[in-house]
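Peer 1: Here it is: the structure, laid out below.
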Amino acid sequence: MRPLQRFLLFVRRVWTGLRRRLRNGYYRLLLKSMGPGCQICDGVRIYGPEHISLGSRVILNDSVILQSCGAAPITIGDRVRISYGAMILTGGIELARGAGYDEHSSCSVTIEQTVWIGAGAIILSGVTVGRGAVVGAGSVVTRDVPAGTVVAGVPARVIRTLPPEGAGPVV
């Protein structure tokens, strides 16, 4: 690698790190709470930040959307990983109650500790994702996810139960 290429690579890394620090500082001011060690990547969109809480070491990858409608909170626990393009939404239309299409409802969303949400997954209002659960890529989660399970599909269904932490490798 030539010296100019090395220098440009160095400048790019410094610039990327600076942008990340500025972005994290900006969201630390806006969000209801944000624990230490969080990483918020490029293109993340957060609506209603005053109702959103992030635990420690949460990672929001590129193009993640967090949307808190009304005053419905989004609470994300420690060590949660949310992959590219995933969405967490607290609002929607409650057709089961006979509400009109112009009437919206909102309900809180809770993501407990050590959860992994796959790319393009959608978590809808009123859902709690239990500790240590995995949500498969492209899934639409309409109901609560039990702790220690893997869910996938549209709508998401339990496809596997994970062994307890420290029980050995997953085969």
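Peer 1: If you check every pair at least six apart or on different chains, which have Cβ atoms under 7 Å apart with a residue in region 15-33 that is within 13 Å of I46 (Cβ to Cβ) first and a residue that is open to solvent by 80 Å² or more (accessible area, probe 1.4 Å) second?
Peer 2: That search, which allows pairs on different chains as well, returns K32/E50.
Peer 1: Being modelled with pLDDT of 90 or more and not small (G, A, S) narrows it down to one of T16, T90, so name that one.
Peer 2: Selected residue: T90, the only one of T16, T90 that is modelled with pLDDT of 90 or more and not small (G, A, S).
Residue-wise test of (1) within 19 Å of the chain's Cα centre (by Cα); (2) open to solvent by less than 70 Å² (accessible area, probe 1.4 Å); (3) over 20 Å from R143 (Cβ atoms).
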| position | (1), (2), (3) |
| --- | --- |
| I40 | yes, yes, yes |
| S53 | yes, yes, yes |
| G77 | yes, yes, no |
| S105 | no, yes, no |
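Peer 1: Quick one: how many residues across region 96-120 are hydroxyl-bearing (S, T, Y), at pLDDT 70 or above and in a loop (DSSP other than H, G, I, E, B)?
Peer 2: 2
The values are calculated or read from the model by the stated rules, or taken from the named source; none is laboratory data. It should be emphasised that the depicted structure is a prediction, and the values quoted were computed from it without experimental measurement. Note that we place each Cβ from the backbone using ideal geometry, even for glycine, and neighbour counts take in every protein chain shown. Calculation scope for accessible area: heavy atoms of the full protein, side chains included, ligands and nucleic acids excluded. Shrake-Rupley method; radii C 1.70, N 1.55, O 1.52, S 1.80 Å.
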